[in-house]
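*Asks:* Just passing along the structure, written as structure tokens.
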Amino acid sequence: MRPCETSRKRVFICSRCAGDIERNIAAAEALCRMAVESGCAPFAPHLLYPQFLDENDPRQRDLGISLGLRFLEACDEVWVYIGDGVSDGMRRELEHARRLGKLIVEIWEVSLCART
């Protein structure tokens, strides 16, 4: 294992989920790719929790956001994609990150491309 692999910065990926779900998932995946290519270890809760929690059920959606906030606490910084605006869920994540004193990196553009 190379030295940088053991010291990868943990990055919380904050971007939209609801709305244009296909585009928003592609944006989150692109952000994760950017993080990996930058030598970081990304975590995007909105790519994980909707796999088994119902985004249309307000209680399950709230649970998914709350679970993601716990992981945010362990991350070194937050990358937020604001090119498509900030949703209520993103706002919660950003407020939590600010309370914790996390570095917030604003990203305005992502390249949505197919997986390689």
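The values are calculated or read from the model by the stated rules, or taken from the named source; none is laboratory data. Remember, predicted model here, so these are calculated numbers, not experimental data. Cβ sites come from the backbone with ideal geometry, for glycine too, and all protein chains shown count toward neighbours.
*Asks:* With the requirement that a residue be closer than 13 Å to C17 by Cβ and within 11 Å of the chain's Cα centre (by Cα), what does segment 38-64 give you?
*Replies:* Across segment 38-64, the qualifying residues are A44, P45, H46, L47, L48.
*Asks:* From the list A27, A18, which residue is at pLDDT below 95, under 12 Å from the mean Cα position of the chain (by Cα) and under 16 Å from M90 (Cα atoms)?
*Replies:* Values: A18 fails: under 12 Å from the mean Cα position of the chain (by Cα).
The conditions single out A27.
*Asks:* Going residue by residue through segment 40-53, is there one that turns out to be of a type in the set (F, W, Y), touching a residue at least 12 places away in the same chain (Cβ under 8 Å) and touching a strand residue (DSSP E or B) at 6+ places or on another chain (Cβ under 8 Å)?
*Replies:* Yes; the residues of segment 40-53 include at least one that is of a type in the set (F, W, Y), touching a residue at least 12 places away in the same chain (Cβ under 8 Å) and touching a strand residue (DSSP E or B) at 6+ places or on another chain (Cβ under 8 Å).
*Asks:* Of all residues being in a helix (DSSP H, G or I) and polar (S, T, N, Q) in segment 31-63, which is surrounded by the most Cβ atoms within 10 Å (Cβ to Cβ)? Just the residue, please.
*Replies:* Q60
*Asks:* Here's a follow-up. Restricted to segment 64-116, and to residues that are among the aliphatic types (A, V, I, L, M), buried (at least 18 other Cβ atoms within 10 Å of the Cβ) and within 15 Å of A26 (Cα to Cα), which residue is modelled with the lowest pLDDT?
*Replies:* Filtering first and then ranking leaves V110.
*Asks:* Hey, can you tell me all the residues within segment 85-105 that are among the small types (G, A, S) and either within 10 Å of C14 (Cα to Cα) or assigned to a loop (DSSP other than H, G, I, E, B) (or both)? Break it down stepwise before answering.
*Replies:* Step one: list which residues in segment 85-105 are among the small types (G, A, S), which gives 85, 87, 89, 97, 101.
Listed by number, the residues that qualify are G85, S87, G89, G101.
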